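Enquirer: Below is a structure I'd like to ask you about.
Only the coordinates and a few stated rules stand behind these numbers; no lab work does. All values derive from a computational prediction rather than experimental measurement. All Cβ positions, glycine included, derive from the backbone under ideal geometry; neighbour counts span all protein chains shown.
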């Protein structure tokens, strides 16, 4: 295995770990807020923040799926040099990056919504 292949594998591993982290943060935050919600009349309502974090968790999973398809098409391109596979790889890669950005936006919106609900 040459240095280029090692760096490529490291980049893929880092991207995979980053997506796992986004899933963990969004899912964990949603779960924690469910535990903090109080059903009494004076309790804080974190429903909107929970929904934002849940959407972030779903978006992280979708990002991972698109990332998988991107890598699959990249591998197919490397095997047979099919230009269609390489174009599909680029498309899936762009969609993956967009989905990751959406995941991060959901996370930030969830943080802001939770902070707003905590202030009352």
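Enquirer: What's the number of the only condition in (1) more than 21 Å from the chain's Cα centre (by Cα); (2) surrounded by fewer than 19 Cβ atoms within 10 Å (Cβ to Cβ) that residue 46 fails to meet?
Expert: Of everything listed in (1) more than 21 Å from the chain's Cα centre (by Cα); (2) surrounded by fewer than 19 Cβ atoms within 10 Å (Cβ to Cβ), residue 46 misses just condition (2).
Enquirer: Could I ask something else about it? Look through 54, 101, 35, 15 and report the one residue that is more than 22 Å from residue 115 (Cα to Cα), part of a helix (DSSP H, G or I), without any contact (Cβ under 8 Å) to a residue 60 or more places away in the chain and out of contact with any strand residue (DSSP E or B) (no Cβ under 8 Å at 6 or more places or on another chain).
Expert: On inspection, the qualifying residue turns out to be 15.
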